[in-house]
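Here is the structure we will look at.
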Amino acid sequence: MTAPLPLIDQHCHGVLREDLGPHTFAAYLSESDSPAAPGTSFLDSQLGFAVRRWCPPLLGLDPHCPPEEYLARRRELGAQEATRLLLGATGITDYLVDDGLRTPHMTTGQELAGLGDGTAHRIVRLERLAEEVADTAGSASDFLDGLARAVREAARTAAGFKSIAAYRYGLDFAPNPPGPAEVRTAAGHWLAERARGGRVSDPVLLRHLLWTAAETARPIQLHTGFGDPDLRLQRCDPALLTDFARAVRPTGCTLILLHCYPYHRSAAYLAHAFPHVYADVGLALSYTGARAEAVLAEALELVPFGKLLFSTDAHGLPELFVVGAEVFRRGLRRLLDGWVSEGAWSRADAERVAPLIASANARRVYGLCAP
């Protein structure tokens with residue numbers, strides 16, 4: 001494992017186009033929706049220290065340089081050039097970009113991939129798709145017919161779908177598809193109550209979204225585990241998806257469990273038990289920084305090696321792509337080298353498994369063309 005592993009980032013977002021002040025920059029290093037506690041900074045975290053370790057050398061500075069020096073250099077280069085330098089060092093060849101966080105200040109998937117000299121693939125966020133359809137629907141029937149068309153159309157070109165049911169309700173939803181009458185009633189109530197732009201959070205509609213997407217047999221990413229304070233962590237354990245995973249299997253749809261921390265062992269079990277379930281540890285590695293190797297080792301205790309995927313879940317800062325790639329590569333290398341040195345693994349097996357997790361599993365699951 002001496003040469004850098006090419007990576008497919010199977011779940012990520014765009015980055016900000018503008019230069020950033022210190023407070024805005026630090027805010028992207030936390031899942032909190034509030035400022036840091038008085039007298040503290042989000043830079044003082046495993047993720048903050050990882051950014052200061054791996055990113056300054058890419059902009060011509062020493063590792064661990066003071067944050068103000070790093071941000072001054074970033075502003076000197078300009079946001080676009082800094083992003084190009086940072087993304088260009090990651091070795092990411094493909095970006096599967098969740099389209100659910102589009103803003104005028106954020107790059108599109110194509111812009112992101114262009115800056116990183118890679119290829120963009122669209123991941124359609126189901127809840128946003130439903131809300132866009134609802135904005136122009138005159139009735140529940142219009143909405144449901146339009147949603148079915150929109151999902152089918154998206155399935156023709158997108159790499160897959162994503163659901164944030166974990167945020168909007170939780171993962172403890174009923175596993176089976178809701179009946180047509182139940183769906184029409186829920187749609188009617190939601191359309192009558194929502195203001196334009198209102199979020200879909202009804203568990204019946206969330207289930208309908210999942211099952212509509214599953215019938216296309218395209219992969220579905222599901223947020224599990226930790227995230228911002230909108231969710232309730234105890235209702236985001238992927239183990240809660242056991243019955244849904246069992247029920248959806250006949251559709252031919254692949255489920256990819258995102259992030260998973262601190263329930264990554266639950267996700268590993270589901271990937272072990274069900275042939276159509278895959279997992280990643282995504283942003284868990286970035287946020288645990290110097291401890292990423294331990295989290296990755298726990299995921300690899302049970303997950304089949306052909307069922308674990310790499311992602312960064314980077315959002316806003318190109319630095320998050322750098323950190324995600326670095327801690328993943330280094331953690332995996334240390335783990336595999338250790339297992340080889342103690343005789344638990346052969347060198348040939350280590351050299352074969354590493355590219356599976358880094359890129360080949362994602363290429364197979366999403367049907368991406370080989371480079």
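Table: residues versus (1) crowded, with 24+ Cβ neighbours inside 10 Å; (2) out of contact with any strand residue (DSSP E or B) (no Cβ under 8 Å at 6 or more places or on another chain); (3) of a type in the set (Val, Ile, Thr).
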{"residue": "Cys253", "(1), (2), (3)": "no, no, no"}
{"residue": "Thr288", "(1), (2), (3)": "no, yes, yes"}
{"residue": "Ala299", "(1), (2), (3)": "no, no, no"}
{"residue": "Gly331", "(1), (2), (3)": "no, yes, no"}
{"residue": "Ser341", "(1), (2), (3)": "no, yes, no"}
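The C-beta contact set for the range 247-259 (first residue at positive phi, second residue assigned to a helix (DSSP H, G or I), distance under 8 angstrom, 6+ apart or interchain) comprises His259/Gly282; His259/Leu283; His259/Ala284. Output the residue which, of all residues in the range 133-142 that are surrounded by fewer than 15 Cβ atoms within 10 Å (Cβ to Cβ) and in a helix (DSSP H, G or I), is farthest from the chain's Cα centre (by Cα). Going through the qualifying residues, I end up with Ser141.
Tell me which residues, restricted to the range 338-358, are more than 17 Å from Ala299 (Cα to Cα) and touching a residue at least 24 places away in the same chain (Cβ under 8 Å). Listed by number, the list holds a single entry, Glu351. Of the helices (runs of 4 or more DSSP H) entirely within the range 248-367, those holding at least 1 residues that are among the polar types (S, T, N, Q), farther than 30 Å from Arg102 by Cβ and at pLDDT 95 or above occupy 264-273, 319-341. Residues that are surrounded by fewer than 15 Cβ atoms within 10 Å (Cβ to Cβ) and touching a Pro at 6+ places or on another chain (Cβ under 8 Å) occur in the range 361-371; there is at least one.
The rows are residues; the columns are (1) under 29 Å from Asn361 (Cα atoms); (2) assigned to a helix (DSSP H, G or I); (3) of a type in the set (Ser, Thr, Tyr); (4) at pLDDT 95 or above.
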| residue | (1), (2), (3), (4) |
| --- | --- |
| Leu144 | no, yes, no, yes |
| Ala150 | yes, yes, no, yes |
| Phe161 | yes, no, no, yes |
| Ala166 | yes, yes, no, yes |
| Asp172 | yes, no, no, yes |
| Ala192 | no, yes, no, no |
| Gly198 | no, no, no, no |
| Leu209 | yes, yes, no, yes |
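The values are calculated or read from the model by the stated rules, or taken from the named source; none is laboratory data. The structure presented is a predicted model; accordingly, all values stated were derived computationally and were not measured. In this analysis, Cβ positions are derived from the backbone assuming ideal geometry, glycine residues included, and neighbour counts consider all displayed protein chains.
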